[in-house]
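First comes the structure, then the notes that go with it.
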Amino acid sequence: MPRLSNRIENFTDSVIRRMTRIANTCGAVNLSQGFPDFDPPVELKKALEKVAVGSIHQYAVTWGAKNFREALAKKQSRFMGIPIDPDTQIVVTCGSTEAMMAAMMTVCNPGDKVVVFSPFYENYAADAILSGAEPIYVPLRPPEFNFDIKELEEAFELRPKALILCNPANPTGKVFTLEELQVIARLVEKYDAFVITDEVYEHIVYEPYKHIYFASLPGMFDRTISCSSLSKTYSITGWRLGYLIAPAHIVDGARKVHDFLTVGAAAPLQEAAVVALNFEDNYYQELKDMYTEKRDFFIKGLDRLGLKYTVPQGAYYVMVDISEFGAKSDLEFCEWLAQEVGVAAVPGSSFFKEDVNHLIRFHFAKKKETLEEALKRLGNLREKAKEKW
Ligand code: GLN
């Protein structure tokens, strides 16, 4: 038989999504892959019902249906504080996963370098491999997950084509400060690089932290490809509606990549989602309040259990320190946790370039009763761990 490509031998399937499969086989409460177990807003479900019996069932324009782009441009202009042209500066994609991949393929030639903060959302390494780029990792050191300016500048001295910025960050829950973003802006200008953002948690930020869109910094719109999606903001991860926003000449390139990767995002879902893009500001306040309540409930539970963690400033993940249990690896710990304790988490090592084995990631985008059940099960953790290690 002929051999398969070298490309696919250089990365594994997603550990996050693998943990979901493990959780399903052993009946664990799934706090691994981040997605809600509650419904999206009722207006969205009603809109979808109406679309289903209507006439929009064929392809939309490849870079996104006009009414969807117009509603998105209006909403993002409002939050980002920048005018966005729906006709020339947006590509609607199948989730931000495709937006990031299209962005990478648009700016990188094989062999180009890309700066990635570590820990990082695991897609970025695969995106780099698939587009032929080579990641340069810059550590965000636990427990605070700050970067060292000198280390970042050393990465830029290697002349990367782009930096990937996940803000608010998955898996750390870090929200980059204005000062940190200004450091990045100074470096991308000095070394003439692009920034590709992943801002899918843009509306899930806890007080007193504030999300600052990188593209909104002076002079940065021209070199930024802002990627995001409707998945987390409207609790519709399965709809796969994402987008990228960039200056027109970058969008022209990204449209071509997108056209041949997927042709387009689902037309009926774009039509239904216009309703959500038109929500007023109070929707985003309520979303933030809901997640603040979930975060506080979950971390109080971790406090009661005496577990050590880093308080998330944004997104819906929390990194917990498992050093005290003496497991051989975080992977072994997570498999055991799912099977014996009945709670699924993601081993931290799948996010780190460095050899970090003492952290695991839980997410808390779940109904209160689901989080209660998970915390109840975790109540047995110490006792069971003692028997095991
Ligand atoms: N962002 C989610 C996570 O980190 C997963 C998204 C996905 O699986 N596409 O868990």
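The values are calculated or read from the model by the stated rules, or taken from the named source; none is laboratory data. All values derive from a computational prediction rather than experimental measurement. We place every Cβ from the backbone using ideal geometry, glycine too, and count neighbours over all the protein chains shown. In case anyone asks, the SASA skips ligands and DNA or RNA and just uses the protein heavy atoms, side chains included. Shrake-Rupley method; radii C 1.70, N 1.55, O 1.52, S 1.80 Å.
Quick test for you: out of 315, 248, 272, pick the one residue that is more than 16 Å from the ligand (Cβ to nearest atom), buried (at least 18 other Cβ atoms within 10 Å of the Cβ), among the small types (Gly, Ala, Ser) and within 30 Å of residue 64 (Cα to Cα). Step through it out loud before you land on a result.
Numbers: 315 fails: more than 16 Å from the ligand (Cβ to nearest atom); 248 fails: buried (at least 18 other Cβ atoms within 10 Å of the Cβ).
After applying the criteria, what remains is 272.
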Take segment 212-250 and flag every residue that is of a type outside the set (Ser, Thr, Tyr) and more than 28 Å from residue 271 (Cβ to Cβ). 212, 214, 217, 218, 219, 220, 221, 222, 223, 249
Got a number for residues in segment 275-292 being among the polar types (S, T, N, Q), under 26 Å from residue 90 (Cβ atoms) and open to solvent by less than 60 Å² (accessible area, probe 1.4 Å)? 0
Is it true that some residue in segment 23-32 is assigned to a helix (DSSP H, G or I) and either of a type in the set (Lys, Arg) or farther than 23 Å from residue 343 by Cα (or both)? no
Name the one entry in 305, 331 that is over 14 Å from residue 33 (Cβ atoms), open to solvent by 50 Å² or more (accessible area, probe 1.4 Å) and not charged (D, E, K, R). 331
Under 17 Å from residue 72 (Cβ atoms), basic (Lys, Arg) and open to solvent by 10 Å² or more (accessible area, probe 1.4 Å): which single residue out of 240, 295 fits that description? 240
Does at least one position in segment 66-81 carry a residue that is within 16 Å of the ligand (Cβ to nearest atom) and closer than 29 Å to residue 351 by Cβ? no
Restricting attention to segment 218-232, report how many residues are buried (at least 21 other Cβ atoms within 10 Å of the Cβ) and in contact (Cβ under 8 Å) with a residue 40 or more places away in the chain. 8
With respect to residue 90, is the statement that it is in contact with a helix residue (DSSP H, G or I) (Cβ under 9 Å, 6 or more places away or on another chain) and open to solvent by less than 60 Å² (accessible area, probe 1.4 Å) true? yes
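Show me the helices (runs of 4 or more DSSP H) entirely contained within segment 322-389 in which 2 or more residues are within 16 Å of the ligand (Cβ to nearest atom).
330-336, 368-378
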Between a first residue in segment 97-113 that is assigned to a strand (DSSP E or B) and a second residue that is of a type in the set (Val, Ile, Thr), which pairs have beta carbons less than 6 Å apart while being 6 or more apart in sequence or on different chains? 113/136
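For residue 373, are the conditions met, namely being over 21 Å from residue 308 (Cβ atoms) and open to solvent by 10 Å² or more (accessible area, probe 1.4 Å)?
Considered against the rule, which asks whether it is over 21 Å from residue 308 (Cβ atoms) and open to solvent by 10 Å² or more (accessible area, probe 1.4 Å), residue 373 comes out as yes.
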When residues of segment 4-22 are limited to those that are part of a loop (DSSP other than H, G, I, E, B) and out of contact with any helix residue (DSSP H, G or I) (no Cβ under 9 Å at 6 or more places or on another chain), the one surrounded by the most Cβ atoms within 10 Å (Cβ to Cβ): 13
